[in-house]
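Here the structure is laid out as structure tokens; the discussion comes afterwards.
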Amino acid sequence: MIIQSEQISLKHLLTVEALTDQEVLGLIRRAQAFKNGTARFSPQKEQYFAANLFFENSTRTHKSFEVAEKKLGLDVIEFDAKTSSVQKGETLYDTVLTMSALGVDICVIRHGAENYYDELIQSKTIQCSIVNGGDGSGQHPSQCLLDLMTIHHEFGHFAGLKVAIVGDITHSRVAKSNMQMLKRLGAEVYFSGPPQWYDHSFDVYGTYLPIDELVEKVDVMMLLRVQHERHDGHESFSKEGYHQAFGLTLKRAKRLPKQAIIMHPAPVNRDVEIADSLVESLQSRITEQMRNGVFVRMAILEAILNGKA
Ligand code: CP
């Protein structure tokens, strides 16, 4: 698919589903141009404020949004849920209402509740744009876009690519966003991992297979973090047992095709989802995914600013 060059304008970014193919591909193209140094952001005449409201832990998403905001010349408002009035019972709605009243233009939000953004975008009082930095087990649109950027840079297309999504799929917002977009862009999606963390509603996007049937035929081996924080705590779990049954072991990695790449949204549980020495191996693009996160988030924020201009 040819990526067209056009200016993208967004009011919010909540899910990847809400984006057209042209918007997805345009954002990837813009991110790649930022990365290559062939695109420059024109500084806005007005002052714009961004606040990163993270109610769940984050290293990559939080900090890469902050780097992207600073690269674009936005004023970044510090916010820490642990020292804010959230501790006095302030709701998410009231926190965002306050940010909007203070003149914050963009709120990047990560929250444990799926679809937390519905009540925010329906509000007639809240004026700021919402960028979803992850909603529970729902969606992670900026991670999906950076994953797509990484895959597109490697292969130049999506159609016909065989992409395996492996691990704790039920609890993964990354998996949900990626399965939807990869299928829509023409990739062949496969799933693997513990059957108790797979839901047959995903069958519309791809085919579930044991990992040993997948390793020899994939172009992309995308591993997912085991999300213990979303489990009920009653399941017994052995790191070594998981690694041997469902992980990318050194033995399995040797069976990957030469052109195949290894991805993981991170944080990685080394020697659980993936053997430690594979994380920074030649076939791994895990560090590149992190790097691409800054440029994709610049493209997203620029599109939001275009919507305000
Ligand atoms: N991939 C990802 O969302 O990482 P963080 O939780 O560190 O933001």
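Points worth noting:
- Among residues of the range 274-287, those that are within 13 Å of the ligand (Cβ to nearest atom) and either open to solvent by 50 Å² or more (accessible area, probe 1.4 Å) or touching a residue at least 60 places away in the same chain (Cβ under 8 Å) (or both), counted: 1
- The residues of the range 53-71 that are farther than 15 Å from C107 by Cα and either among the small types (G, A, S) or more than 16 Å from the ligand (Cβ to nearest atom) (or both), listed by number, are S58, K71.
- Residues of the range 131-157 that are open to solvent by 10 Å² or more (accessible area, probe 1.4 Å) and either hydrophobic (A, V, I, L, M, F, W, C) or in a strand (DSSP E or B) (or both): F155 alone.
Here is a yes/no grid of residues against (1) free of Cβ contacts under 8 Å to residues at least 24 places away in the same chain; (2) among the polar types (S, T, N, Q); (3) farther than 23 Å from I28 by Cβ:
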residue: L161; (1), (2), (3): no, no, no
residue: Q180; (1), (2), (3): no, yes, no
residue: D232; (1), (2), (3): yes, no, yes
residue: L248; (1), (2), (3): no, no, yes
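- N115 surrounded by fewer than 16 Cβ atoms within 10 Å (Cβ to Cβ), modelled with pLDDT of 95 or more and more than 16 Å from the ligand (Cβ to nearest atom): yes
- You will find that of I169, I109, I121, the residue that is open to solvent by 20 Å² or more (accessible area, probe 1.4 Å), farther than 14 Å from V220 by Cβ, among the β-branched types (V, I, T) and in contact (Cβ under 8 Å) with a residue 40 or more places away in the chain is I121 and no other.
- Meets criteria (open to solvent by less than 60 Å² (accessible area, probe 1.4 Å) and within 16 Å of the ligand (Cβ to nearest atom)) for V218: no
- The conditions of being at pLDDT 95 or above and farther than 21 Å from I286 by Cβ are met by K124.
- For the criterion of being under 17 Å from the mean Cα position of the chain (by Cα), among the hydrophobic types (A, V, I, L, M, F, W, C) and not in a helix (DSSP H, G or I), A266 passes.
- Residues that are outside any loop (DSSP other than H, G, I, E, B) and either within 16 Å of the ligand (Cβ to nearest atom) or within 20 Å of Q32 (Cα to Cα) (or both) within the range 158-178 comprise I165, V166, R173, V174, A175, K176, S177, N178, listed in sequence order.
- Look at the range 80-98: where a residue is touching a residue at least 24 places away in the same chain (Cβ under 8 Å) and buried (at least 17 other Cβ atoms within 10 Å of the Cβ) and a partner is in a helix (DSSP H, G or I) and among the hydroxyl-bearing types (S, T, Y), sitting 6+ places away or on another chain with Cβ atoms under 7 Å, you get V86/T95.
The values are calculated or read from the model by the stated rules, or taken from the named source; none is laboratory data. Bear in mind the structure is a predicted one, so any value in this text is a computation, not a measurement. All Cβ positions, glycine included, derive from the backbone under ideal geometry; neighbour counts span all protein chains shown. Quick note on the areas: whole protein, heavy atoms, side chains included, nothing else; ligands and nucleic acids left out. Shrake-Rupley method; radii C 1.70, N 1.55, O 1.52, S 1.80 Å.
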